[in-house]
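Trainee: Attaching a single structure in structure tokens format; questions to follow.
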Amino acid sequence: MNLPFFRKEKRGEVPAGSVPQSASNFLEIISGMSAGASSTGITVTVDKALAVPAFGAAVNFLSGTLAGLPLHVYKRKGDSKEKVKGGIATILHDVVNDEMSSFDWRKYSFERVFTGGRSFTFIERNAAGKVMNLFPLDPSGVTVQLNGWEKTYKYKDGGGQTHTYLAKEIIDIPWMLKNDRVNHYGPVTLNKDALGLAIAATEFGSKFFQNGGVPPFVVTGGFKSGGAMDRASQDLGDAIKKAAKEERQALVLPEGLSIESIGSDAEKSQLVELKRFSIEEIARIFSLPPTFLQDLTNGTFSNTEQQDLHFVKHTLKRWVEQVEQELNLKLFGRNNNRQFVEFSMDGMLRGDFATRMQGYATAIQNGVSTPNEVRQKENMPEKPNGDELLIQGATVPLGSQPVQGELNLVEENVEENNRQIVKLLESIDRSVN
């Protein structure tokens, strides 16, 4: 994609005191390239990390969840807020450019954050400064430079052209910044040992079952030459695989040969326990409750619900606030006090239908929400006179309920009527007698 380019590039100029993004950072964000050798001896890459089911599930779940949250633009109206329609609101909520929806843009951006550790988005504005499009950048083509307190971003696009952007033109979402505020940490590189262990466990299990479920072994016997040993090794390997394929339990060895196991089998290596521990380690990386990675080992009906609340309060909220503040700063500027963006997390806390309806009823009856606000959350059309706040009791429009003096007067009238009725009944009874 050829990005808009508005200023003449100054080639060969590097600001004094600038700190270019290091090569190690590029390694952790370029898919398929090395992020470092782990203590297991396995070189961990983004592609290999994503092939670990728990890690891939965590990245996909978190990025998809954040991309699916409704993103709205509001303008301040006194002490309240009013939803903005059109313009930047449509860009953020629906489509960020002619080729990408808002969901796709956010999911792509967060996938970069949760693997390499950072995402960049270019903000295209017209001559009047109005936001027209948002273009996600390939992090491997971005170099961040710092000159004093001012950041600049150099981006080399697919055509080999280099563009220089100011900080206010780039939406920058890092996983975790280093001390220099330029370089960053990424989940894959920072946790290469834990991911390397998970990859090693998967590879060991694959090789174990590829060998028919038989652990590594050594063959002893009276071999006369090296060629005889090679043939015996090849013949025994083929025989074991054939026996496993045909589901035969017996394996016949030539006279004078014997098999002794070496290494460790899956049970002694606690392979199942190790893979479950890897799930817990990956859940810690992303601050995710294990139930969201399909690990229900210690899950119950009650604690799973609490883990759901924990996810919204302590994991999702942190990312939502970071993105909201970055968007507000870069889209509206530091001195803006009129408009702001906000994610709607109501859907994450909707609960089941009965609980949701009970909460809505309480909000309406106590003047917290209007019926139309509730209907809007349920994607239902608005109704006439549904914009008025109601109060519990007679459920009448707020402000039209009788005041205390009127209630006292009504009670007095009722008591007087009751006395008159009693007197009338007494008079009728005397007349009859």
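Trainee: Any idea which residue in segment 103-129 is farthest from P70 (Cα to Cα), counting only those that are in a strand (DSSP E or B) and free of Cβ contacts under 8 Å to residues at least 60 places away in the same chain?
Mentor: R125
Trainee: Follow-up. Of the conditions (1) at pLDDT 95 or above; (2) buried (at least 17 other Cβ atoms within 10 Å of the Cβ), V84 clears all except one; give me its number.
Mentor: Answer for V84: the failing condition is (1).
Trainee: Of the numbered conditions (1) over 22 Å from E324 (Cα atoms); (2) modelled with pLDDT of 95 or more, N211 satisfies every one except a single condition; which is it?
Mentor: It is condition (2) that N211 fails.
Trainee: Test of understanding: among M348, M357, which residue is modelled with pLDDT under 90 and over 18 Å from T65 (Cα atoms)?
Mentor: None of the other options fit; the residue is M357.
Trainee: For L316, state whether it is in a helix (DSSP H, G or I) and crowded, with 17+ Cβ neighbours inside 10 Å.
Mentor: Judged against the criteria, L316 is a match.
Trainee: So, one more: Whether any residue in segment 177-200 is modelled with pLDDT of 85 or more, of a type in the set (S, T, N, Q) and loosely packed, with under 15 Cβ neighbours inside 10 Å is what I want to check.
Mentor: Yes: segment 177-200 contains one or more residues that are modelled with pLDDT of 85 or more, of a type in the set (S, T, N, Q) and loosely packed, with under 15 Cβ neighbours inside 10 Å.
Trainee: Sticking with this structure for a sec: It is to be established whether one or more residues within segment 277-294 are in the same structural domain as P187 (by TED's automatic domain parsing), at pLDDT below 80, among the hydroxyl-bearing types (S, T, Y) and in contact with a helix residue (DSSP H, G or I) (Cβ under 6 Å, 6 or more places away or on another chain).
Mentor: No.
The values are calculated or read from the model by the stated rules, or taken from the named source; none is laboratory data. Everything numeric here is computed off the predicted structure, so don't read it as measured data. Cβ atoms come from the backbone with ideal geometry, glycine included; neighbour counts cover every protein chain shown.
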